[in-house]
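First comes the structure, then the notes that go with it.
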Amino acid sequence: MMLYFSDHFGVSEDVLEAYGAFNVSLVTDLPLFVDPFLLFHSPKVEYQELHAGIIRYLRFLRVKSESSRVSPALMKAWYHFGEVKQNWLGFCEAGNSGRGLGSQFAEALDANLVSVFTDFGRERITRGSHLEKLCLIRPGVGKDMISDFTTNLIKDYLLSYTEAFADKYMSAGQVRTISVPRTSFSYELERWMPGTYRLPVHNDDFVLLTPKDILTRDDTWISHSDMWRRFQDIPVAVDNDQLRAEINNYFYAKLPERREPSKEERSRAIEDTLRRFPEIIDFYIKWKEDTGDEAAATSDLKVRDSYALYVNQFGRLVESLQLKTPFYTIPGNTRDESLARIEYFKDIVENKGGFRYFYDRSGQPVKREEDVQILFRFVWFGTPSDVSREVNDGRGPADYKVSRGAADKTIVEFKLASNTHLRRNLERQAEIYRAASDAQAAIKVILYFSESEQAKVYGILNDLGLSGNPEVVLVDARSDDKPSASKA
């Protein structure tokens, strides 16, 4: 079954490993991200040059922002970027068409280049300039936007990297000469220029390979969530004793004296302290620079774990579904097909050892809904139905919509029992989506990993009168109630 780059193009996984590229899925995006700090900190000259190129472009934008108001047309030309969907990485769990970087990111970048990056390119505290500083000020600018922006600015390198692999390891029939827009920026013409490359082709579009050593899994090394989480440790990086004492005194004065602060109180205290001492951001970045070796080691481990989970473990589950059941040849309408696929999936997990694919190498359960949703997308490989992820029909996004034309639609919600909003979800959510999208059915699939989670789910179902409902399917992924591997 052709789920991954190596499968589709008949390239050995060992060849990809030796080349340093991640073996991407050609069925669904995987949640890995390009981290610009890994370019900055790398000993590789070509990566350092890529980071310098990113900073050069940001300096260009800063000069334009300072000199005059950028027109809407130039804002679109210079600040707006589409997702580079051909690398099959990011947040989009079904297919690979993400949202890209639109007006929200453009306006935030334009405003912050002047108001926040006042010393951009002339830093006194940090060793270098960092794009990630934007996400420290704007919490809505996360790893996906930073990754998308970085990927767009190094697109020519990634295209050339993929072209070199294809030239060495792939046949002429697997590649095509393609003109790709917006691959490099001409500072003389002040416009993005196209380029032509010989690239692998899948479903009439090219595929990009990405080096594993610039990828991370959960967040970029410099991130808003990390700074918030470790805020009380940042003053350690301040080498001025008086300033360090002032920062600590101001911050703790904003917290309640005789009890633990709430999450909201702590966030307000951090925001107030950052407004009073904005240089804290630079000290945080310097701290991250000084521990950069840890960034490379941590990201490498996360990418290896991701490969073990998404490629090795998830791939084996899909093979099990293909070999042990008629899973990929299911007829009927979308409700019948959805229920049949879910029941086959449930049987593999509960009775044929498939539960093990939901556990990492340390034996801990995978409790990220995005990971479970990715795996669920794999079980729809080869379906005659259209399977759409995060469909928004006016009342918020549903997990999946399965359709065969306007008259045959089914909504599928696929959740973890540990989800704190599970009761509310079971009460209302799928029905709201079904009404908004004219779907004929709304199926809820719930995965649990422990006896306590099982009891929680049964309790909620009893309270809501949903016990025995055929459109509520429970999947037992516990490891403590299954036969041993030798008996499974």
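Since every read-out is calculated from the coordinates, none of them should be taken as a lab result. These numbers come from a predicted model, not from an experiment. Glycine also receives a Cβ, built like all others from the backbone with ideal geometry; neighbour counts cover every protein chain displayed.
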For the chain, alpha-carbon Rg relative to the globular expectation (2.2 N^0.38 Å, N residues): 1.06
Under the 0.36 nm per residue contour assumption, what length would be gained going from the current alpha-carbon distance of Glu257 and Lys352 to full extension? 28.7 nm
Note the full-extension length gain between Ser103 and Asp463 as 0.36 nm times their separation in residues minus their Cα-Cα distance, in nm to one decimal. 125.1 nm
Under the 7 Å Cα-to-Cβ spin-label approximation, Asn312 and Arg122 lie apart by a distance in nanometres of 5.2
As an exercise, take the mean of 1/r over every pair of distinct alpha carbons in region 27-69, invert it, and state the Kirkwood radius in angstroms. 12.4
Between the alpha carbon centres of region 180-198 and region 242-277 the gap in Å comes to 47
Evaluate Rg over Rh across region 217-281, taking Cα atoms for both radii and Kirkwood's formula for Rh. 0.98
Provide Rg over Rh for region 168-208; use the alpha carbon set for both Rg and the Kirkwood Rh (inverse mean inverse pair distance). 1.12
Once you have the Cα-Cα distance between Asp239 and Ser71, take 0.36 nm times their residue separation minus that, and quote the gain in nm to one decimal. 56.2 nm
Jot down the radius of gyration and Dmax of region 8-109, Cα atoms only, both in angstrom. 17.2, 53
Percent of Cα-Cα pairs more than 20 Å apart in region 185-239, please. 64
Label-point separation in nm, Gln440 to Glu46, each point 7 Å along Cα→Cβ: 5.3
Helical contribution to [θ] at 222 nm, DSSP H n ≥ 4, -39,500 (n - 2.57), averaged over the chain, rounded to 500: -13500 deg cm²/dmol
Quickly work out the Glu319-to-Asn333 label distance, labels modelled 7 Å from Cα along the C-beta direction, and quote it in nm with one decimal. 3.8
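Which whole DSSP H helices in the chain pass both tests: a Cα extent of 24 Å or more along the axis and a mean Kyte-Doolittle value no lower than -0.5?
Sorted by number, the helices that extend far enough and score high enough are 45-67.
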Quick check on region 124-248: what does the Kirkwood estimate of hydrodynamic radius come out to from the alpha carbon pairs, in Å? 17.9
